[in-house]
Amino acid sequence: MPTRSHFPALALGAAAAFVLVMRQPGRSAAPDASIKAVHASGSSGAYTFDVTISSNDTGCAHYVDWWEVVDEHGALVYRRVLLHDHADEQPFSRDGGPVPLKAGQVVTVRAHVNTSGYATPAMRGSVQDGFHAADVPASFAADLAKKPPLPDVC
């Protein structure tokens, strides 16, 4: 009969085994944040966006510090800085604007986490046609993470 020494994961315990399985190549852990919904209201050139985000905020040491709207070329259109964590409010929604877009202009709406950078589950679309889930590489317009406005502190 096999013993724990034959199965190293068993020697570590169930919790450690789960971590080992989740960190295997080809598997990914849950994202730090994801955009769940984007609703726009207003008029061309001055929309208000209401963005719903699900995140694993734990407090000021780890939280979504902004969401932003980026055009297809990687230019920052609008950023909504979040001044505190939302550990006790999940998912959470925050609005922002005016967002200077035309109704049919395609953009990406994504979240940024203070400790890990841009979350890859985002939404892409337009005010005219709506927004849908999109996996956007964290490297897309990554240089925007240094562009103001930026949060001061949580």
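The values are calculated or read from the model by the stated rules, or taken from the named source; none is laboratory data. Remember, it's a predicted structure, so these values are computed and weren't measured experimentally. Here the Cβ positions follow ideal geometry from the backbone for every residue, glycine too, while neighbour counts run over all protein chains shown.
The residues of region 133-148 that are farther than 20 Å from Val38 by Cβ and not hydrophobic (A, V, I, L, M, F, W, C), listed by number, are Ser139, Asp143, Lys146, Lys147, Pro148.
In region 36-58 there is at least one residue that is at pLDDT below 95, in contact with a Phe, Trp or Tyr (Cβ under 6 Å, 6 or more places away or on another chain) and assigned by TED's automatic domain parsing to the domain that holds Thr120. Screening Lys102 with (1) out of contact with any Ser or Thr (no Cβ under 8 Å at 6 or more places or on another chain); (2) exposed (fewer than 14 other Cβ atoms within 10 Å of the Cβ); (3) at pLDDT 95 or above gives one miss only, at (1). Checking each residue in region 95-146 for being closer than 12 Å to Val70 by Cβ, without any contact (Cβ under 8 Å) to a residue 40 or more places away in the chain and small (Gly, Ala, Ser) picks out Ala134, Ala142, Ala145.
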